[in-house]
1. Starting from the Cα gyration tensor of region 159-416, take the square roots of the eigenvalues, sort them a ≥ b ≥ c, and report rounded, prolate or oblate (rounded when a/c is under 1.5, otherwise prolate if a/b is larger than b/c, else oblate).
2. Could you work out how much longer the chain between Leu103 and Met372 gets when fully extended? Use 0.36 nm per residue separation minus the Cα distance between them, nm to one decimal.
3. At 7 Å along Cα-to-Cβ for each site, give me the label-to-label distance between Ile151 and His294 in nm.
4. Given an 8 Å cut-off on Cα distances and at least 6 residues of separation, report the relative contact order of region 277-417 as a percent.
5. So if each residue of separation counts as 0.36 nm, and I subtract the Cα-Cα distance between Leu28 and Ala158, what length gain in nm does that give?
6. May I ask you to derive the FRET efficiency for Arg171 and Ala204 from their Cβ-Cβ distance with R0 = 35 Å, giving the value to the nearest 0.05?
7. How high is the FRET efficiency between Ser263 and Arg36 when r is their beta carbon distance and R₀ equals 35 Å, given to the nearest 0.05?
Amino acid sequence: MLSQQFNTLLFTYKAPLFVLLCLAGQILAWRFWLRRAAKPFHRLICHLVFIVFNLAWLFAFSALYFSGAAVDLTWTFFGRPAVAWQLAYILVILPLGTLASLLTAVIRLPLRLGKKPPVDFNFKKERRNLLKSAGGAAVAVILGGCGYGVIRQGSSPAVNRQTIVFPGLPRALDGFVIAQLSDLHLGLWSSQREIDRAAAVAAAAGPHLVVVTGDIIDRNPEFARLCFDPLKRFADVPYGVWGILGNHDHYTGPQRIASLLQSSGLINMLMDRQVRLPELPMSIIGLDDQGAHHFWMGTGALTGRKDDPDVLDFKKVKGPPPEPDDFVLLLNHRPEGLRQAGAHGCRLYLAGHTHGGQYQVPFRDQLNLASMFYKYSSGLYHENGCWLNVSRGLASVGVPFRLWAWPEVNLITLKRA
């Protein structure tokens, strides 16, 4: 009960708190650079950058809340870099700068209490130059990384091919290919063109089945119409396209989103429903996300634990039960309950939600920011007879860029042992 009350409070006040945080960060950033601009021309540049970058917010709000169409390439190329810079300053540069100042003060304390430096050694000047050089290098690296992350986020997604061996896999499924797309977030940080590009990549691989594992739409349920053209690329997929909703779909308008997508005839939406594919020994279970009612913070950085909570509710699922020899595929947006899925007879579990942390150690998928909170943060896991694949997804959330945790389309091939 307490966790649900906290969650409700967070969602009620998150918008004004976010605006206040951004406003405070921008004022601090503006004053920081203004104090370091000695020449009038440099001060003018500071003013112009501050004004132009903040105009991006006005453009964003008008596009997201007062427009009937999703964000187009104008927003993608103008607004996303501006907002990325501002959020990078607030969330990365400002905290690191504050930490560096505190460390400097701690280092200086014993020096102040000790002997004075030699007369011919200007300690203050040398220290100032060293800190200035180190600070400039750090800011350059951070801004360079953020800039590259913004550009890379909007490019074609990586194709992550994985082959999973299943003992006793029905022969009809040997070599069966499933394409997984996740976390499209169409209407916030991704445009229709970017989603269409990802769909083209997935369709070119010739999958037998396509699944979309949640967080399809953001901000406006009507943006679901913009999925129609990308989904048409899967018209020739033998066993069709199946989708579930994620938490952001529930924040936006789950019934309307599901209704629009289902009525298109291009995707089959599974909301606490299971189906058996015709003429194939495979059943698909699609669990609906709990949206704002779901709150799980019993893992990771806050408690030092990484649990696998029993949060999957199979009792709500309607539809024909799997046959005894069926291969059971589970779709659930959040990567939790792997142990439960195995106990329920699921052989493969596909999820998203984490975005691979959006920031990870190079070439180490599972060393990422999300791994602080989730036991299953990116890639493949196996437990209790069930395989789980956590997709990094296509779009970003919060800060509109990634570092190393690049967008991906997953292609999973089932192999008989």
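1. In terms of gyration-tensor shape, rounded.
2. On the way: separation 269, 0.36 × 269 = 96.84 nm, distance 2.47 nm.
Stretched out fully, the Leu103 to Met372 stretch lengthens by 94.4 nm.
3. 3.6 nm
4. Values: 276 pairs, mean separation 30.8, N = 141.
Averaging sequence separation for qualifying contacts and normalising by length gives 22 percent for region 277-417.
5. 43.1 nm
6. On the way: r = 27 Å, r/R0 = 0.76.
After rounding, the FRET efficiency stands at 0.85.
7. For Ser263 and Arg36, the calculated efficiency is 0.05.
Here, each number is a calculation from the coordinates, and none is a lab measurement. All of these numbers come straight from a predicted model, not from anything done at the bench. Counting neighbours? That spans all protein chains shown, and the Cβs are built from the backbone with ideal geometry, glycine included.
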